[in-house]
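Only the coordinates and a few stated rules stand behind these numbers; no lab work does. This one's a predicted model, so the numbers in the text were calculated from it and none came from an experiment. Every residue, glycine as well, gets a Cβ built from its backbone with ideal geometry; the counts of neighbours run over all protein chains shown.
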Amino acid sequence: MVIEALIKIAIILFVVLTAVSYTVLLERWISAWVQDRIGPNRVGPLGLLQPLADVLKLLLKEDIEPRQAQKWFHWVAPVISITVAFTVLSVVPFGNTLTLGTNTIPLTIASGINIGVLFIVALASLGVYGITLAGWSSGSKYSLLGGLRSSAQMISYELTLGLGLLSVVMLSGSLDLNTIIHSQANGLWNIVRAPIGFLLFFVSSFAETNRLPFDLPEAEPELVGGYHTEYSSMKFALFFLAEYANIITASAVITVLFLGGWHLPFVSALGLSPLVLTIVGVLAFALKVLGLLFIFIWVRWSIPRFRYDQLMNLGWKVLLPLGIVNIVWSAFEKMYLMQ
Amino acid sequence: MAYTTKYNNPAVQRKLTLWEKLYLPEIVRGLLTTFKHLFRPKFTRQYPEERWDPPASFRGRPVLVQEENGVERCVACGLCSRVCPPLAIEVRASETELLKERYPVVFEINMLRCIFCGYCEEVCPEEAIVMSKEYELSFRDPSEGIFGKDKLLVPKAQVQDRLDYLAKMRN
Ligand code: SF4
Ligand code: SF4
């Protein structure tokens, strides 16, 4: 059991870390294409070794710690951020079970957990500590403002996130991610059954991951770099990694909750062997995540940043009521339409 | 202090239609615009391989015009050195048997000072100093930035473009 889990952790960490660095490359490419530029294409074929160069550059930079910083918190903040970003992935099922000989291996790290949804929500709210602590401990007004904004924003949008999620929980009648995925196996994904829930969850994911149009904690034109203004070298890199890891995590969670996880419609009808079916499932999952990543990046390069009051208005006056309506609708749907 | 701009002045502001107020359709419209741009031809020039050929009006590094017979046009009047805002030009004059009677023994432009303003070209009575198309200048040492006559003299044919342009624009 333990060895199995360790192997899965090693594989997932490797895959996700690679994916994170390539998401950065993808972001740079898409931003370039949107602006009619070419993007990185010099390091290695097609610029594919660019992430390596980026990492090397960050590693070789001097680590500067401001004199007025709270040393311990300054150090621990990026660690919290990155830990939380990766830990969420431990409950995400990225494939069906894999049968090797007599062993059946569920493709989740923490496969026994049956309250995956709660675990995700709990960790998502922990993520704000990294940013707020970073902002406060830096001893700089820009960082502090960024950190405060972040906490206000996260608290506001967590409600919406929860309400969006609740409709999924109601429809599938379980907090277990595997059950949620199986409830979508018939091809009726939750994005169809709970479109408003999807919208709410998707929008608040942008806020939770601090992505444009909700990247107020960093808002470079007004706050220099926001909460990570005073960070350099590897500590900055950790924040940077955490941001992209968060996007990947959010995409994975959305895939599980709303896009049917590893299920592809009509594939089970082809009569493939279980092993091939599992591999196809993992690939389908990766493809869906990739699609969502593209949307995350695409939105960033299309929509301007919200003003702070607009952000709060949208959160409290539009999304929250919509969330409550959505709950009522989901209950109605569950009671009368899904019989 | 509240300013009135066209963005917050209700008299000028256009009322948003309900469709626009819904916000999401407009976001989708924005997304479609950027999506179209993903496939547009790119503007980027792959610099070291693909170089830019500047037009005649471009102000690259100033050069001295060398006539066909190998003599520079400059008569060492010193006007360029006088007008140069960052004092980048040094001219030392001497006499010659040639028709022009005077010539520069030393003509140096400190390219680390030059701001490519083109005043030297404008003031020169002989059209002896003109702006070339060269824009790639880099030095490893400040002393490399001082260009003497060896580097400044350029055959007339090479700057003919610019001379034609000046002739056209000056009258
Ligand atoms: S271009 Fe301007 S700065 Fe440069 S040498 Fe001529 S006058 Fe001086
Ligand atoms: S103004 Fe012209 S002629 Fe006079 S010194 Fe300068 S380059 Fe020579």
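Values for this structure:
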| quantity | calculated |
| --- | --- |
| Failed condition for B:Cys74, given (1) surrounded by fewer than 17 Cβ atoms within 10 Å (Cβ to Cβ); (2) within 16 Å of ligand 2 (Cβ to nearest atom) | (1) |
| Residue match in the stretch B:10-28 (condition: within 14 Å of chain A (Cβ to nearest Cβ), without any contact (Cβ under 8 Å) to a residue 60 or more places away in the chain, among the charged types (D, E, K, R) and out of contact with any helix residue (DSSP H, G or I) (no Cβ under 9 Å at 6 or more places or on another chain)) | yes |
| Cross-chain or 6+ apart pairs with Cβ under 9 Å, the stretch B:107-126 first and within 14 Å of chain A (Cβ to nearest Cβ), then more than 14 Å from ligand 2 (Cβ to nearest atom) and part of a loop (DSSP other than H, G, I, E, B) | none |
| Any hit, the stretch A:28-40, residues being surrounded by 16 or more Cβ atoms within 10 Å (Cβ to Cβ) and away from chain B (no Cβ under 12 Å) | yes |
| Selection status of B:Pro48, within 14 Å of chain A (Cβ to nearest Cβ) and away from ligand 1 (no atom under 13 Å from the Cβ) | yes |
| Unmet requirement for B:Val63, which otherwise passes all of (1) within 21 Å of the chain's Cα centre (by Cα); (2) more than 14 Å from every other protein chain (Cβ to nearest Cβ); (3) surrounded by fewer than 16 Cβ atoms within 10 Å (Cβ to Cβ) | (3) |
| Qualifying position, being out of contact with any strand residue (DSSP E or B) (no Cβ under 8 Å at 6 or more places or on another chain), outside any helix (DSSP H, G or I) and more than 14 Å from chain B (Cβ to nearest Cβ), among A:Gly281, A:Gly261 | A:Gly261 |
| Residue within the stretch A:111-132 that is more than 20 Å from the chain's Cα centre (by Cα) and more than 28 Å from A:Ile324 (Cβ to Cβ) present | yes |
| Scope the stretch B:112-125; condition within 8 Å of ligand 2 (Cβ to nearest atom) and either assigned to a helix (DSSP H, G or I) or loosely packed, with under 14 Cβ neighbours inside 10 Å (or both); matching residues | B:Cys120, B:Val123, B:Pro125 |
| Count of the stretch A:293-323 residues which are more than 14 Å from chain B (Cβ to nearest Cβ) and surrounded by 13 or more Cβ atoms within 10 Å (Cβ to Cβ) | 6 |
| Lone qualifier among B:Ser81, B:Ser57 - being within 13 Å of ligand 2 (Cβ to nearest atom) and either away from chain A (no Cβ under 14 Å) or in contact with a Leu (Cβ under 6 Å, 6 or more places away or on another chain) (or both) | B:Ser81 |
| Criterion violated by B:Asp150 - all others in (1) surrounded by fewer than 15 Cβ atoms within 10 Å (Cβ to Cβ); (2) within 12 Å of ligand 2 (Cβ to nearest atom) satisfied | (2) |
